[in-house]
Amino acid sequence: MPDVITVRVQTDSDSFQDVVVKIERRTYNKPFLGGFRNMSTGVEFHNAGSQTIPKKRPDKGIQLFCKETQTVVEKNTQQQTRNTTSTQMTKIGLYVSNMTDKLITPGKYFTAEEYHKRRLEAVIVLQKYFRRWHAINLVQNLMEQKRLRLAQEAQEELRKKREKEEKLRREYEKKLNPKTREDFELLYHDLELWMQEETERINRTLTGAERKTALCALLEEETELIACIGMHKLNANVENQQKAILQLLEFYKLFLKCAQPRRWKAFDGKITEMDTQNTLRGKELLEIYRSICTKDIPKDERTSVLLTLKCTVKEHECKLTQEIVALIDRELDLMSREVKECNLEGLRKRICTLFLQYVKIPEFNPEVAGLLKVPQDPLKLYKNIYFCHSCENYLPSKEFPIPANSRTIGRCRSCYQIDNEARKREAYFKYRLILENLRKSEVDYQDDTKIVFLVQLPDMQYLIENIWNSQSALSACSDLYELVMIRWDKQHEWSPWNTILLTKEEADAHLKLCNLQEAYEAPFIEKIKQRHIRAKNYFAQFPAMSSFLHRSNNQANANSYK
């Protein structure tokens, strides 16, 4: 049916009128309001109301419900037992047996008060048994905790004993076979202690010519011991040279890595390899290095390898390449003169070593730039270079120990070491351990602490020996291996006037405290404050500490004002 139809309506006996009717398509299921169906044709005719849109009720803003949802449907049903039962008694004309009957007699009557009393007594009995069971379990748990605590303490004591024995063994091994700078520092320190003891003994027991003779003998013995330590130094230098050679071999492994292609795993799990221009250059240099390191090859092949190497290094003109070219020319000249190969080994090793140095330069081997730890720009190496007035060498800033009270750059570490071995012979190893542990713990706070990195080994030595008397503030433990330095008040950054020297166990317990005034007695706190004042007066002389000292004073004034 079309949307618009024209209907002709008869308005009079002779007149008709066309009316345009618009058909509205239904968008819902029309309700059936009645109608009829032609039996002969089967056409259905509906009432006119079913073709019009129902009138919408105005929205009152109130949610309405129908009657059925607001009422309860009730239903009455009768209940009847399935079996009808009755009670029959004995009467005239009827006998009922009483063989299965039970005789019930009333017991003693008790009141509600007696009933509650009996229940209370029963509850008390239950509580007694429960408390006994609970007490037994509690005692057993306490005994088990005590056993575990004693076992843990025994293990802790055994661990400490083993650690101490291991430290003594390592220290004895370092003194017996010194290899590092710290080992020789300990040796010279022990030598100085022995010299002081022997000198004191000689001055106390001998006089006159005998004393002078004993002092001369002691001086000769000291000279022999120093010579013995010097021999150990020479042996250690030889071992260090061997380590340098091993480091060169490690660089050869790095060299192999430069020649490897780039690899990555695809989505299907396959490994994809790609050679770049830099990796191809690394492969070329690696093949040349393997060729010049190969032994027992014919003279013609050796000559070809040297010429290839010469052409490769001539691509870059510098002092290193000139030296390599000169060595190659020298070997070619000696080979032309029929010199034996055993006499050319030293020359060939020099060529291999210089070629490895050539490979290390990123300008000649770009792939090695991402594997080296040194900066690629050589100009960066010239920054922070200072002059040592003692050895008259130009060295980087890390080679100069700068104490907090220093105003200028002094001697380098090597000159300090030589002066220490000749005069004071002090050992900073234990103080170095305490300072390293302190710096690690301060980094963990992540509060941008700075003072701890300004303090150097001589400052730490003065702080431990003169301020804290080289012992724990609580237990008076004097083993420096067991002592650590931490913050006195953990809310503020570490400083010489906000620190305390304790053992490791005491430090762990101290850092767990929330209120120092409640945890420690007043005399102990006063003693710690006096030591802080002494440290503040000493470090106030240093220019680097003045700004931090003023800031701490301002914080203290603000806290006192609050």
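The values are calculated or read from the model by the stated rules, or taken from the named source; none is laboratory data. Just so you know, these numbers come straight off a predicted model, no measurement behind them. So basically every Cβ, Gly included, is an ideal-geometry build from the backbone, and we count neighbours across all protein chains shown. The protein model used for the area step is the full one, side chains on, heavy atoms only, and it has no ligands, DNA or RNA in it. Shrake-Rupley method; radii C 1.70, N 1.55, O 1.52, S 1.80 Å.
Residue 353 meets the conditions (1) open to solvent by 60 Å² or more (accessible area, probe 1.4 Å); (2) at pLDDT 80 or above; (3) of a type in the set (S, T, N, Q) in every case but one. The failed one is (1).
Among all residues of the stretch 407-419, there is none that is open to solvent by less than 60 Å² (accessible area, probe 1.4 Å), outside any loop (DSSP other than H, G, I, E, B), at pLDDT below 85 and more than 27 Å from residue 183 (Cα to Cα). If only residues of the stretch 308-319 that are free of Cβ contacts under 8 Å to residues at least 40 places away in the same chain and of a type in the set (A, V, I, L, M, F, W, C) are counted, the one that is least open to solvent (accessible area, probe 1.4 Å) is 318. Beta carbons closer than 8 Å, at least 6 apart along the sequence or on distinct chains, pair a first residue in the stretch 334-362 that is in the same structural domain as residue 286 (by the TED database) and part of a helix (DSSP H, G or I) with a second that is acidic (Asp, Glu) and surrounded by 15 or more Cβ atoms within 10 Å (Cβ to Cβ) for 344/331; 347/331; 348/331; 351/331; 354/323. The single residue among 41, 27, 81 that is part of a loop (DSSP other than H, G, I, E, B), more than 30 Å from residue 5 (Cβ to Cβ) and either at pLDDT 70 or above or open to solvent by 90 Å² or more (accessible area, probe 1.4 Å) (or both) turns out to be 81.
Is it fair to say residue 159 is assigned to a helix (DSSP H, G or I), open to solvent by 100 Å² or more (accessible area, probe 1.4 Å) and not hydroxyl-bearing (Ser, Thr, Tyr)? No, not satisfied. Inspect the stretch 78-90 for any residue being farther than 30 Å from residue 479 by Cα and aliphatic (A, V, I, L, M) and give the result as yes or no. Yes; the residues of the stretch 78-90 include at least one that is farther than 30 Å from residue 479 by Cα and aliphatic (A, V, I, L, M). Of all the numbered requirements in (1) outside the structural domain of residue 511 (by the TED database); (2) open to solvent by 40 Å² or more (accessible area, probe 1.4 Å); (3) of a type in the set (A, V, I, L, M, F, W, C), residue 427 misses one, and that requirement is (2). Restricting 486, 467, 451 to those that are in contact (Cβ under 8 Å) with a residue 12 or more places away in the chain, farther than 30 Å from residue 388 by Cβ and more than 21 Å from the chain's Cα centre (by Cα) reduces the list to 467.
For the stretch 329-350, a tally of residues being under 54 Å from the mean Cα position of the chain (by Cα) and surrounded by 12 or more Cβ atoms within 10 Å (Cβ to Cβ) returns 4. Which one of 296, 300, 329 is among the acidic types (Asp, Glu) and at positive phi? Testing whether each residue is among the acidic types (Asp, Glu) and at positive phi leaves just 296.
Counting only helices (runs of 4 or more DSSP H) that fall entirely inside the stretch 482-547 and contain at least 3 residues that are in contact with a helix residue (DSSP H, G or I) (Cβ under 6 Å, 6 or more places away or on another chain) and crowded, with 19+ Cβ neighbours inside 10 Å, the qualifying elements are 522-539. Annotation note: Cβ proximity below 7 Å between a residue of the stretch 89-104 that is at pLDDT 85 or above and a residue that is surrounded by fewer than 10 Cβ atoms within 10 Å (Cβ to Cβ) (sequence gap 6+ or interchain) occurs for no pair.
Of all residues in the stretch 98-114, those being open to solvent by 100 Å² or more (accessible area, probe 1.4 Å) and outside any loop (DSSP other than H, G, I, E, B) number 1.
Yes/no per residue for (1) open to solvent by less than 40 Å² (accessible area, probe 1.4 Å); (2) part of a loop (DSSP other than H, G, I, E, B); (3) of a type in the set (Ser, Thr, Tyr):
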| site | (1), (2), (3) |
| --- | --- |
| 458 | no, no, no |
| 470 | yes, yes, yes |
| 473 | yes, yes, no |
| 478 | no, yes, yes |
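Among the numbered conditions (1) in a helix (DSSP H, G or I); (2) open to solvent by 70 Å² or more (accessible area, probe 1.4 Å), the only one that residue 466 does not meet is (2).
In the stretch 168-191, of all residues being charged (D, E, K, R) and open to solvent by less than 40 Å² (accessible area, probe 1.4 Å), the one that is nearest to residue 483 (Cα to Cα) corresponds to 171.
A single member of 442, 436 is closer than 18 Å to residue 545 by Cβ, in a helix (DSSP H, G or I), under 21 Å from the mean Cα position of the chain (by Cα) and not hydrophobic (A, V, I, L, M, F, W, C), and it is 442. One residue alone among 174, 161, 179, 167 is under 23 Å from residue 503 (Cβ atoms) and modelled with pLDDT under 85, and that residue is 167. Cβ-Cβ distances below 8 Å connect the following pairs, each with a first residue in the stretch 192-208 that is more than 16 Å from residue 423 (Cβ to Cβ) and free of Cβ contacts under 8 Å to residues at least 60 places away in the same chain, a second residue that is open to solvent by 70 Å² or more (accessible area, probe 1.4 Å) and not aliphatic (A, V, I, L, M), and a separation of six or more residues or different chains: 202/211; 203/211.
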